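What follows is calculated from the coordinates using simple rules that are stated; it is not laboratory data. All values derive from a computational prediction rather than experimental measurement. Positions of Cβ are generated from backbone atoms using ideal geometry, with glycine treated the same way; all protein chains shown enter the neighbour counts.
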Amino acid sequence: MNVVIFASDAKALSSLNSIIQEAGKQSIRLFAMVTHSTQLRHPKYQQNHFQILCNVDRKKVVWSDSLGVDLPFKPDLLIVNRERWDPESNIISEFKNKFKSKVALVEPNAWILNGAESRLETYSRNRYVKDIDVFFMGSKHGILQQQTAGFEGNMVAVGNPKYDLNTNVPQEQIDQLRKLYNAPQDKENVLLFSLVNGYRDKINNIFKQYTKDTSKRYFYKPYPGEPFDNKFANEYNPQFFLDNTLPILDEKHIWGMFEICDTHVGVLSSIVHATLLKGKKYIDHSLDLGLPEKYLDFSGVFQTGGPGLENNKSMWMTSFGFTNDSQLKALLPDTYKNEIEKTNNKVWDNLDNPKILLTLFDDYNDGQASKRIINYIQNEL
């Protein structure tokens, strides 16, 4: 089997690097084009940011216009981790139409909770499912949540390959990060998880109360791409907005800092999966912020502006080609709200039960997701 794997930024690579390694161990001819950049890169126009990993002779067999390179074989399968935006959307289109390849997508998010935004994202994604042969999901709960939101893709629960490798950080690297971030061993190190939604201001105010305690050292994990978003620029420059806190700006440092930090603080989201896997102390503020109610409040999508990235009615209206609010409201019926209240409560009712939460994130949690993915593509596609 001839497989091409593409990652347009470090977040995508974190989901795909274990698959690249596993494919290399098995009888799969592999061409991977990836970048470690924390900002999205385009392969055709920014090739200097990309690394090519290939386990076959790099003969010029077929030209890929979307990647801007010659491929050493005619591809049977393309693996990516997003589908709606360039460059991936153009790459998928070329591979399906020109090369007649199958396409697999590794879902980067846990889909552990549903709200108005997930419903609208799902309807947007449904326009692309015809080109994706399989969506690899972490858990059956995630599949249920996507189906509840109306997703039409072919989904298979295999676990999350992001945690096959990333959380196993060599001690030498951990020691280097301790020095780089001045993370003392004689103090408690605390990791704060960013929010970029409408509750950003509230969680940041909570963080400001934490960081008054100078007996501890604080570190801040930004949302992917957050430090480079003009919307948040004044929080990073000329100085970081939290006292006694260092932001982790290099995506490659995240997993080592996960290990170094004794306590993790935030609200329930995909990143908490890693916290639970590592058995770290986790302090959750979801209920303090009223998030169970927030997920059932659909008013935010009818606003433009505000503290959250989801407050963007004009984006949704443009995306769907709508001309009035009633068209947008039709996608968010009361029946959907009733359904997600039930599925979300599986999560809220188990905030204090790490074992159950882990199964909602991942059916397996055994570090073998990439093997299941390779097995599936060899035997089912």
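Remarks
- Spherically averaged projected area of segment 70-113 from its Cα convex hull (nm²): 3.7
- Near-label residues of segment 1-37 by backbone N, under 14 Å of a point 7 Å along Cα→Cβ of CYS54: 3-5, 29-34
- Restricting segment 315-381 to GluC sites (Glu not before Pro) that sit in a DSSP loop and have at most 14 other Cβ atoms within 10 Å of their own Cβ leaves GLU380.
- Pairs of Lys in segment 257-348 closer than 25 Å at Cα, counting only those 8 or more apart or on different chains: 13
- Projecting label points 7 angstrom from Cα along Cα→Cβ for VAL156 and GLN39 puts them 3.7 nm apart.
- Note on the chain: semi-axes of the ellipsoid equivalent to its C-alpha gyration tensor, largest first and rounded to whole Å, are 32, 27, 21.
- With q set to 0.11, 0.21, 0.25 Å⁻¹, the log10 of I(q)/I(0) for segment 257-328, from the Debye formula over equal scatterers at the Cα positions, is -0.45, -0.90, -1.07.
- Three principal axis extents of segment 165-365 based on alpha-carbon atoms, in descending order, are 57, 42, 31 Å.
- Three semi-axes describe the equivalent ellipsoid of segment 261-381; taken as square roots of 5 times the Cα gyration tensor eigenvalues and ordered largest first, they are 32, 22, 15 Å.
- Here each label is just a point 7 Å from Cα along the line to Cβ, and for ASN350 and GLN303 those points are 3.2 nm apart.
- Of the chymotrypsin sites (Phe, Trp or Tyr not before Pro) found in segment 42-93, those that fall in a DSSP loop while having at most 16 other beta-carbon atoms within 10 Å are TYR45, TRP85.
- Helical runs (DSSP H, four residues minimum) scored at -39500 (n - 2.57) apiece and divided by the length of the chain put the mean residue ellipticity at 222 nm at -10000 deg cm²/dmol.
- Whole-number D in µm² s⁻¹ for segment 56-135, Kirkwood Cα-pair radius fed into Stokes-Einstein, 4 °C, 1.567 mPa s: 93
- DSSP-defined beta bridges in the chain - what % are antiparallel, rounded to 5: 20
- Put simply, the Cα atoms of segment 1-153 extend 47, 32, 30 Å along their principal axes, the longest span coming first.
- Taking trypsin sites (Lys or Arg not before Pro) across segment 122-218, the ones in a DSSP loop with at most 14 further Cβ atoms lying within 10 angstrom of their Cβ are ARG127, LYS187, LYS212.
- J(HN,Hα) series, segment 37-42, from Karplus relation 6.51 cos²θ - 1.76 cosθ + 1.60, nearest Hz, glycine and proline x: 5, 6, 9, 4, 10, 9
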